[in-house]
1. Ignoring ligands, DNA and RNA, what percent of the 1.4 Å accessible area of region 4-103 is carbon and sulfur?
2. Could you give the size of the charge dipole of the chain about its Cα centre, using +1 on the Cβ of each K and R and -1 on the Cβ of each D and E, expressed in debye and rounded to the nearest 20?
3. Hey, if you put +1 on the Cβ of every Lys and Arg and -1 on every Asp and Glu Cβ in the chain, which of LEU70, MET8, TYR56 ends up farthest toward the positive end of that dipole?
4. For region 60-77, what does the Karplus curve 6.51 cos²θ - 1.76 cosθ + 1.60, with θ = phi - 60°, yield as ³J(HN,Hα) per residue in whole Hz, taken in order and with x for Gly and Pro?
5. Find how much the distance from ARG58 to GLU88 grows on full extension, using 0.36 nm per residue of separation minus their present alpha carbon separation; answer in nm with one decimal.
6. Where the eigenvalues come from the Cα gyration tensor of the chain, what are the semi-axes √(5λ) of the equivalent ellipsoid, largest first, in whole Å?
7. Length gain on complete extension for the stretch ILE32 to ASP80, per 0.36 nm per residue less the alpha carbon to alpha carbon distance?
8. Could you do me a favour and compute the accessible area per residue for the chain, 1.4 Å probe, result in Å²?
Amino acid sequence: MTQLEYKMLAKQLDKEIKLYKEQMLKLTPEEIYESFYQIHAHESIYNFLINDGLNYKRKDFAKEDIIEDLYYRFMKTEYDLTQDDLREFIYYDIQDRRTNQEM
């Protein structure tokens with residue numbers, strides 16, 4: 001990914017996580033507590049992409065709702081929210097997307 005593409009990606013990710021936080025803060029304290037894993041997952045995916053985003057191509061991610069898209073895909077797996085697992089998950093998720101686009 002070029003520096004310009006990364007800057008645009010980071011701007012979009014910042015916007016997405018800000019909106020997500022705003023939505024979560026509208027919940028009751030109990031609902032927030034019950035949503036801990038979901039919140040943690042969104043934050044982890046956001047942080048991973050901010051730190052490693054340059055290593056990928058922009059077209060490898062959804063055009064909109066990047067974090068939410070990856071979150072739902074991630075939840076269908078057995079991976080944990082570690083940097084190594086996120087790296088592996090995203091690698092294989094990208095491979096799957098590329099394979100499906102070629103068909």
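The values are calculated or read from the model by the stated rules, or taken from the named source; none is laboratory data. A quick note: this is a predicted structure, and the numbers were derived from the prediction, not measured. We place every Cβ from the backbone using ideal geometry, glycine too, and count neighbours over all the protein chains shown. Heavy atoms of the whole protein, side chains included, go into the accessibility calculation; ligands, DNA and RNA do not. Shrake-Rupley method; radii C 1.70, N 1.55, O 1.52, S 1.80 Å.
1. It is 52 percent, rounded to a whole number.
2. Around 580 debye, computed over the chain.
3. Final value for the positive-end residue is MET8.
4. Using θ = phi - 60°, the values come out as 6, 10, 4, 6, 9, 6, 4, 5, 5, 4, 5, 4, 5, 5, 4, 5, 8, 10 Hz.
5. 9.1 nm
6. Gyration-tensor ellipsoid for the chain: 24, 17, 12 Å.
7. Taking 0.36 nm per residue and subtracting the Cα distance, the gain is 15.2 nm.
8. 71
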